[in-house]
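Asker: The structure that follows is given in the form of structure tokens.
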Amino acid sequence: MIMRFCKILMLLLLLGILFGVAGVAGVFSYYARDLPKITSLKDYHPYTMTEVFAADGRLIGRFGLEKRKIVPIEEIPELLKKAFIASEDSRFYEHQGVDFWGVARAMLKNIAARRIVQGGSTITQQVTKSLLLTPERKFKRKIKEAILAYRIEKYLSKDEILFIYLNQIYLGHGMYGVEMAAQRYFGKKTRDLNLAEMTIIAGMPKAPSNLSPITHPERSAARQRYVLAQMLEREFITREQLKQALLTEVRLAAPADPSVDTPYYTEHVRRYLEKKYGYDQLYKEGLQVYTGVNVDWQQAACAAIDRGLRNLAKRRGFRGPLEHLEARTWPEFLTRLQAEREARFPEGLREGDYCRALVLAVADEQENVSLDLGGLAASLSLAEMVWARRPDADGARHALARIKKPSQALSAGDVVQVRIKTLEGEVSPAITVALEEEAEAQAALLALEPQSGLVRAMIGGRDFQTSEFNRAIQSRRSPGSAFKPIIYAAGLDNGLTPATIFLDSPIVYKDVGDDWSSAWKPRNYEQKFYGPTTVRQALIHSRNLVTIKMLRQIGVQKVINYAKKLGFTSQLNADLTLALGSSGVSLMEMTTAYGVFANHGRRVKPVFVKRVEDRHGEILEEHEGVGIAGLELTSLLPLETEAVIPEPTAYLMSSMLADVVKRGTGRAVARALKRPLAGKTGTTNDYHDAWFMGYAPQLVVGVWVGFDELQPLGRHETGARAACPIWIDFMKVALDKMPEMNFTVPPGIVFANIDENTGLLAVPESEKTFFECFKEGTVPLAYSQPVSAETLEERLFLDE
């Protein structure tokens, strides 16, 4: 009876096992029907970021849907791999995708703790969940996950699985993969991490947000200790290594914006890439982009613009304090101010830093103002605020006016911006400051290599964070007299020479039928007339009337066509106001045109991007003349260059524009830089725009200053005063290590001694002579005859 019962029991048990196996097989078969294919994992192809690099290899921008940078498994330190294995899947090298012992152990621990304290998913299952399945929390998904994990283990090696996992895993703050986590948290590459840093990162997958060393350092440290203990238990490290890791001081990296020095440049490159390669390739395919920007020059340009605009703001007058506080609110404000200062300057203030300050007391007799920088006392002397007069209606009519005592500008309770002058001194308080004024005007700068077309620096405005509008490329503003060289170059190619005489005399134009009261009566800037004037002298001193007469003689449409050859694409006014630069053009167009003069008559299309590679290193584009030596080129883009004006014409223009710098409106440049340079100032009516365009043989730089909304910069704020100082400050840095070069005299240029009063060959009786340059065949044949100025003017009037 017992034997029969045992047989029945064994039969039932066997049937149960068979049914159980059949059931499991049925479930397996049911859920395995529509599982995704795992073959795609062989070609692991996650979203990666496009990276943009400066000319020296510095990173200046990243674009991507996921912040990830792929690192080969061979470059991932062994200890980092073991840290993740110890933390996430200690039996990784033993199971076949699903760790049943791990699941059972986790279940027991969760039951004992009466909450979920440990998961049972293996690294392989996490890869499955991340790449092949949806994140839904359902039983059927867990079954699919287990089936796929098993298949993956049969299809990929353990190293291949680990490679995918360590590059795919989300590690907080928008970072995916160990390489980006290492850079974000510690400012290092993965290969440079120490054990303490490795175990912090390895502890994060469980809860990236809650275990972040940035937002939750205590939790992160506790999790790090857990990972180290797990590594010790599995003999991945020694007890000495564990102690050393716990004693290691971990320094977190400050969040870094790689485009902080190049925001306008980087954004322009981004737009170019998206237009050419499309959204998906830019944001998902991890392009490697190499540009021509010089980061040091960018920093110099930014500093020059900041200094120039602040000086302009001071010349316009003091607009008043940022705010005024009642005495009862001072303590609370100073507490906030201290927190603000410490957050902005974690390593302390340095000379030249800008910060806010509260005025505590104003002492007119001592000519001093006492301030508080938020826990730091400072003093402001009258000498550092004498500019702080009230602004007047037209902007800067009283630019030379000075206040006589501090109370004319400030009172106790005022909140102002200051610049740190000194941090140490014998007099208390040791910190001395200067009163500052936030700029309101805008500026743009563009630096171009005329031979290669590489754009080496570009600033599109005062502050990218407040305005992304790129005034170097997108804005169209009147260039004023900075446009005159285009007219003069056209004149040289239409029968004029630098010695051609024009009469600087009054002219009046009116439309047919209009009365004379509405006629156009152009004038020179100085409100004077200068009589017989050579073309060279007219350009040196920016004579409006001569330029208008020259334009009329050449023909307006002929000059417009000539300007198009130089690179202008904006619509130009087809009337005589073109002579005064009335048409709206971009700084890019102006810089390109001046580049033709510097490049011997050849126009080069501006180049921002030198080379683009795909994620595998294949070259998608590279520009001839700006490529990297030694690379096998698969897609070479020709340097877009074209001879658009004769080389002798370009030299004559450089010669005359060099005289503008030596003897004309750009004299400040010659005094400051003392090397061969050429350039031209530009100022528009009512001082709405100020320009300086200039170049050395190796570099062309343009600067524009003005308000976005048309309004005067201020009385006498010309190109020489508002734009030229910015140009000089930038060029001091850009030219510092650049060899000094002269403008090369090309074939086809000859020289002759000219009488400046007549434009003819000089004679011993000539009062003013000049050794002038000409194109071959255009030297005057006649010698100057003694003649009175009055007689010469009469002749010229008759000629006109």
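The values are calculated or read from the model by the stated rules, or taken from the named source; none is laboratory data. It should be emphasised that the depicted structure is a prediction, and the values quoted were computed from it without experimental measurement. No Cβ is skipped: glycine too gets one built from the backbone with ideal geometry, and neighbour counts run over all protein chains shown. The accessibility values were calculated without ligands, DNA or RNA, using every heavy atom of the protein model including side chains. Shrake-Rupley method; radii C 1.70, N 1.55, O 1.52, S 1.80 Å.
Asker: For TYR93, put the label point 7 Å out on the Cα→Cβ axis and report which residues of the stretch 225-269 keep their amide N under 17 Å from it.
Answerer: 230-238
Asker: Still on this model: Return the carbon/sulfur percentage of the accessible area of the stretch 430-499, one whole number, probe 1.4 Å, all protein chains in place. Mind showing how you got there, number by number?
Answerer: Details: 760 of 1770 Å².
Of all accessible area on the stretch 430-499, carbon and sulfur atoms account for 43 percent.
Asker: Here's something else I'd like to know. Ranked highest first by average number of other Cβ atoms within 10 Å, how do 724-731, 270-277 line up? Working shown, then result.
Answerer: On the way: 724-731: 25.0, 270-277: 15.6.
Ranked from most to least packed, the peptides come out as 724-731, 270-277.
Asker: Calculate log10 I(q)/I(0) of the stretch 440-487 for q = 0.21, 0.24, 0.25, 0.28 Å⁻¹, where I(q) comes from the Debye formula with a single equal point scatterer on each Cα and nothing for solvent.
Answerer: -0.88, -1.00, -1.02, -1.07
Asker: Here's another thing I want to ask about it. When the Cα atoms of the stretch 534-593 are enclosed in a convex hull and the volume is divided per residue, what value in Å³ results?
Answerer: Details: hull volume 5.2 nm³, N = 60.
Residue-normalised Cα hull volume stands at 87 Å³.
Asker: Just check the stretch 649-800 against the gyration tensor rule for me: Cα atoms, a ≥ b ≥ c as the square roots of the eigenvalues, rounded for a/c under 1.5, and otherwise prolate or oblate depending on whether a/b exceeds b/c.
Answerer: Values: a/c = 2.71, a/b = 1.49, b/c = 1.81.
Oblate.
Asker: Here is a follow-up. Give me the number: length gained by fully extending GLU767 to LYS189, i.e. 0.36 nm times residue separation minus the C-alpha to C-alpha distance, one decimal in nm.
Answerer: Working: separation 578, 0.36 × 578 = 208.08 nm, distance 7.26 nm.
Extending this stretch completely gives an extra 200.8 nm.
Asker: Hey, another quick one. Hey, can you grab everything whose amide H is under 5 Å from the amide H of VAL585? Only 5+ residues off in sequence or another chain; H modelled, so Pro and N-termini drop out.
Answerer: Excluding prolines and chain starts, which carry no amide H, the hits are ARG477, SER478.
Asker: Near the amide H of LEU287, under 5 Å away, which other amide H atoms are found, from residues 5 or more places off or on another chain, if H is placed in the peptide plane?
Answerer: HN-HN under 5 Å from LEU287: THR50, GLU51.
Asker: Using the basic label-point model (7 angstrom from Cα toward the beta carbon), what is the ARG476 to ALA363 distance in nanometres?
Answerer: Result for the modelled spin labels: 5.9 nm.
Asker: If r is the Cβ-Cβ distance from THR466 to THR335 and R0 is 25 Å, what FRET efficiency results, to the nearest 0.05? Walk me through the intermediate numbers first.
Answerer: Values: r = 27 Å, r/R0 = 1.08.
The pair THR466/THR335 has a calculated efficiency of 0.40.
Asker: Given the peptides 589-595, 659-665, arrange them by the average over their residues of other C-beta atoms within 10 Å, most packed first.
Answerer: Per-residue Cβ counts within 10 Å, averaged per peptide and sorted highest first, yield 589-595, 659-665.
Asker: From largest accessible area down, sort LYS314, LYS42; use a 1.4 Å probe on the protein chains. Before the final figure, lay out the partial values.
Answerer: Numbers: LYS314 35, LYS42 110 Å².
Output order, biggest surface exposure first: LYS42, LYS314.
Asker: Taking the convex hull of the Cα atoms, report for the stretch 318-436 its projected area averaged over all directions, in nm².
Answerer: Details: hull surface 31.1 nm².
The Cα convex hull of the stretch 318-436, projected and averaged over all directions, gives 7.8 nm².
Asker: Moving to a separate point now. For TYR354 and ILE143, compute 0.36 nm times the residue count separating them, minus their Cα-Cα distance, and round to one decimal in nm.
Answerer: Working: separation 211, 0.36 × 211 = 75.96 nm, distance 6.08 nm.
Stretched out fully, the TYR354 to ILE143 stretch lengthens by 69.9 nm.
Asker: Once phi is turned into θ = phi - 60°, what whole-Hz ³J(HN,Hα) does the Karplus curve with 6.51, -1.76 and 1.60 give for every residue of the stretch 745-761, x standing for Gly and Pro?
Answerer: Result, rounded to whole Hz: 7, x, x, x, 10, 10, 10, 8, 7, 10, 7, 5, 7, 10, x, 9, 4.
Asker: Might you tell me the accessible area per residue for the stretch 485-630, computed with a 1.4 Å probe and given in Å²? Before the final figure, lay out the partial values.
Answerer: Working: 5740 Å² over 146 residues.
Per residue, the stretch 485-630 has an accessible area of 39 Å².
Asker: Still on this structure, I have one more. About its Cα centre, what dipole magnitude does the stretch 318-436 give when the only charges are +1 on Lys and Arg Cβ and -1 on Asp and Glu Cβ, stated in debye to the nearest 20?
Answerer: Values: 15 positive and 19 negative charges, 82 e Å.
It works out to roughly 400 debye.
Asker: Ok, one more. Among LYS605/LYS775; LYS276/LYS610; LYS484/LYS521; LYS558/LYS662; LYS558/LYS768; LYS81/LYS188, which pairs are too far apart, with a Cα-Cα distance over 24 Å? Can you show the working numbers first?
Answerer: Numbers: LYS605/LYS775 27 Å; LYS276/LYS610 14 Å; LYS484/LYS521 19 Å; LYS558/LYS662 30 Å; LYS558/LYS768 34 Å; LYS81/LYS188 17 Å.
LYS605/LYS775; LYS558/LYS662; LYS558/LYS768, as the Cα separations exceed 24 Å there.
Asker: Next question, about the same structure. Leaving out same-chain residues fewer than 8 places away, which lysines sit with a Cα under 27 Å from that of LYS404?
Answerer: LYS314, LYS421
Asker: Related question: Taking H as built 1.01 Å from N, whose amide H comes closer than 5 Å to the amide H of ALA361, not counting residues under 5 places away?
Answerer: Counting only residues 5 or more places away or on other chains, the set is SER370.
Asker: Checking the cross-link filter: which aspartates and glutamates have an alpha carbon closer than 13 Å to that of LYS405, excluding same-chain neighbours under 8 positions apart?
Answerer: ASP364, GLU365, GLU367, GLU384
Asker: Turning to a different aspect of this structure: Got a sec to turn the phi values of the stretch 710-723 into Karplus ³J(HN,Hα) couplings, 6.51 cos²θ - 1.76 cosθ + 1.60 with θ = phi - 60°, whole Hz, x for Gly and Pro?
Answerer: Result, ordered by residue: 4, 7, x, 6, x, 4, 6, 7, 7, x, 5, 9, 8, 9 Hz.
Asker: Among PHE333, ASN368, ALA409, pick out the residue whose Cα is farthest towards the positive end of the charge dipole of the stretch 318-436, where Lys and Arg carry +1 and Asp and Glu carry -1 on C-beta, about the Cα centre.
Answerer: ALA409
Asker: Do any GluC sites (Glu not before Pro) in the stretch 196-265 lie in a DSSP loop with no more than 13 other beta carbon atoms within 10 Å, and if so, which?
Answerer: Details: sites: GLU197, GLU218, GLU233, GLU235, GLU240, GLU249; in loops: GLU235, GLU249.
Answer by residue number: GLU235, GLU249.
Asker: If the chain between HIS616 and ALA643 were fully stretched, how many nm would it gain, using 0.36 nm times the residue separation less the Cα-Cα distance?
Answerer: Details: separation 27, 0.36 × 27 = 9.72 nm, distance 3.79 nm.
Length difference between fully extended and current span is 5.9 nm.
Asker: Next question, about the same structure. Tell me the label-point distance for the pair ARG234, ALA207, using the 7 Å Cα-to-Cβ offset, in nm and rounded to one decimal.
Answerer: 2.2 nm
Asker: Considering the options GLY308, THR266, VAL289, tell which one lies farthest towards the positive end of the dipole of the stretch 250-331, charges being +1 on Lys and Arg and -1 on Asp and Glu at the Cβ, about the Cα centre.
Answerer: Projecting each Cα onto the dipole axis, the largest value belongs to GLY308.
Asker: Measuring from a point 7 Å past the Cα of ARG523 along Cα-to-C-beta, which residues in the stretch 530-548 have an amide N at less than 20 Å?
Answerer: 530-532, 541-548
Asker: At q = 0.17, 0.19 Å⁻¹, what log₁₀ I(q)/I(0) does the stretch 182-229 have when each alpha carbon counts as one equal point scatterer in the Debye sum?
Answerer: -0.42, -0.53
Asker: Which of the three applies to the stretch 699-763, rounded, prolate or oblate, going by the alpha-carbon gyration tensor with a ≥ b ≥ c and a/c under 1.5 meaning rounded?
Answerer: Judged from the Cα gyration tensor, the stretch 699-763 comes out oblate (a/c at least 1.5, b/c at or above a/b).
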